[in-house]
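Written below as structure tokens is the structure these notes are about.
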Amino acid sequence: MVNAVVDKLDSLVKEVNSKISQISELKAVEDLQHEILGKKGELTQILRGLSELPEAERPLVGKKANEIKVEIQKLLDKKILQLKRSSLSERLEKEWLDLTLPGEPVPSGRLHPLTRVLREVKTVFSGLGFEFVQGPEVETDYYNFEALNIPPDHPAREMWDSLYLGERTLLRTHTSPVQIRVMEKRKPPLRVISGGKCYRRDAVDSTHCFQFHQVEGFMVDKGVSMAHLKGTLSAFAQGIFGSERKVKLVPSYFPFTEPSVEVYIDCFNCALTPSESCRICGGSKWLEILGAGMIHPFVLRVVNIPSEFTGFAFGLGIERIAMLKFGIDDIRLFYESDQKFLEQF
Ligand SMILES: [Zn+2]
């Protein structure tokens, strides 16, 4: 009886050994483990049968059975490890990477030329002590026109064919309303620039667009004169177009400044290679870059700034500056999202 059980145990080891040698998949090892050591497995059955043995022989056979169980488990574990190792080396063989191959190029983004110019303008003015303030794009008639000395029947309103949203609200036609908003709330001394989108009811062509970007700046303090205006704008022109630029002021008209001027710089292209047919200035040697002037006393009164204060203000088109700076001859290029155009910046 005892010998029969021991023989059974020994032949079980042989059986496991021979089955394992034919296995090539992990799943099959798991199945075999279940078949031998599981709840209804062969070894489990043999162990259950031990209770039928004479009591004196049970410990010896029990010991043998446990040794066999450990031995079988070792065989199974060894096979599992072996299969895992070979599947790993198989994967490494199949899935190798050549790390010396060059990678896929990732296209890098660039700043839009208008963003670039706007940032440069901000940098120049912040160096001169100007603070950047933003205002709303949807404005009231009051801030956009009236407070800036442009009453409803004023002929200057012709200059700003506007996009109205309602009876008294419109998309701002310039950034000058920010001047009023700042001066209403704060007292001089003030040195402020503002910038952003503006809108006019313009037909789109190579120099006009219904949407464009302006930067507005002003300074209010005791004793501010045209000399301060010219000095500030010279520093701006030199900061953007080169340190040797000269500035020329030509009398002009704006309702909210008195006197008003158009500001010109000498042509930077002609300065390098003088030409009668210069593609930037067309041979005139001067480029108009912005409009400016001393803030009209009416505007200062509207915002209750005491009469001992004076100020200057200026407004410039970012598109205009970018077109001059980069030699671009069509404003529409800024808004067409043409990769070939944008990649040049
Ligand atoms: Zn020129």
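The values are calculated or read from the model by the stated rules, or taken from the named source; none is laboratory data. The model shown is predicted, which means the values in this text are computed figures rather than measured ones. Cβ atoms come from the backbone with ideal geometry, glycine included; neighbour counts cover every protein chain shown.
The table below gives the values:
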quantity: Cross-chain or 6+ apart pairs with Cβ under 8 Å, the range 321-345 first and on the phi < 0 side of the Ramachandran plot and in the same structural domain as Q211 (by TED's automatic domain parsing), then among the aromatic types (F, W, Y) and part of a loop (DSSP other than H, G, I, E, B); calculated: F326/F345
quantity: Members of the range 187-217 found to be of a type in the set (V, I, T) and modelled with pLDDT under 90, listed by number; calculated: V204, T207
quantity: Conditions (1) exposed (fewer than 12 other Cβ atoms within 10 Å of the Cβ); (2) within 29 Å of Q82 (Cα to Cα): number failed by A56; calculated: (2)
quantity: Sole exception among (1) touching a residue at least 12 places away in the same chain (Cβ under 8 Å); (2) more than 22 Å from P188 (Cβ to Cβ); (3) in a helix (DSSP H, G or I); (4) not polar (S, T, N, Q) for Y142, by number; calculated: (2)
quantity: Selected residue (only one of L316, L249 is within 29 Å of K222 (Cα to Cα) and surrounded by fewer than 20 Cβ atoms within 10 Å (Cβ to Cβ)); calculated: L249
quantity: Qualifying positions in the range 276-288 - touching a Gly at 6+ places or on another chain (Cβ under 9 Å) and loosely packed, with under 15 Cβ neighbours inside 10 Å; calculated: E276, S277, R279
